[in-house]
Each structure stands twice: as structure tokens, then as C-alpha cells.
Amino acid sequence: MAVDTLHLTALEEFYLTLLKTGSLPNYQDGCPEIALTKHLLAEARKQWPLRHLTAKALGFFLRAQGCQKFRTPACNGWTFKPLREARQFWEKRHCGNWRWPESGAVEWGSQCSTSSTLSTCSKGISFDDVLGEAAASVLSRSQDRASRQ
């Protein structure tokens, strides 16, 4: 890496891993830029320093990265900036040129190595039912961006 990663907090290292892989935990094929809070927490807590990470602390951090919170009666989650924008934002905040993997991932989930998908929330409600208009809005924005490029 062109920039020293020793100065990063454990939460920053976790987020950097998401940026490097280009995938979010338990992503849905139709909405790879959305992750539920509980899945982000579970993934982050696998790292020893983050084992006591709270949803509130994660939320403060993700807002600082430009992510947007969404809420439904069944689930809470986050919509991430497009991967390219998120990486550029990271580089500005961390003063340097970062070498991203050669995988060619330019959007969330485009080169994802995980096979897991988000099919239901903890209450058994389908992803489409939970997100409804929010998912449709995000998909519409993604398609608009893609058509402009």
C-alpha cells in the first residue's frame, strides 16, 4: 500500500477491507450498496478489537464516511456511496494514493467473492418487502449513474 496503515483504528481497518474487497456483508444482488446494521456489526465484531462495537459507534463512523442510514419497521441499515466515490473520499481523508486491488471492481459487489446473500431480516420479512421504496430509489439512482457514464 502506498500509505502506511499502521495509524488506522480497528474500525478504519474494517472499512478499508470493505473498500478493498468491493463488497458488503450479506449483500443483495439487486442492491449491493446496502448493508443491514446487524450484518455490518457481526462482520466487524469478528475482529478482536471491535468485539464490543455498538450500533451507535458504527453509525457515527459510517456517517463520517458519507453513508446514509435507512430504517424500516423490521430492519435498520446503511446505503453506501458508490464504490469509486467511497474510495476517492477515503483517499482525501487519509491523505494519499491508495492502491486498490486489481480485481477491477468499480461498484459494490461487482467482484464479490462471498456467496452469501441477504434474503430475509431477522423477522422473516423478505428484503424487497423491507426496503420497498428505499431499494427502488437506490436502484434507480444506480441505473441513472450507469447510464450517464
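Less than 5 angstrom separates the built amide H of residue 24 from those of 109, all sequence-distant by 5 or more or on a different chain. Relative to the current alpha-carbon distance between residue 57 and residue 84, full extension at 0.36 nm per residue lengthens the span by 7.3 nm. Legend: residue pairs 20/46; 56/92; 38/92, Cα-Cα distance threshold 23 Å; pairs beyond threshold, 56/92; 38/92. Taking label points 7 Å from Cα along the Cα-to-Cβ direction, residue 47 and residue 99 give a separation of 2.1 nm.
The numbers here are math on the coordinates, done by the rules we state, and not lab data. Worth saying up front: this structure is predicted, and the values here are computed from it rather than measured. Backbone-built Cβ (ideal geometry, glycine too); neighbour counts: all protein chains shown.
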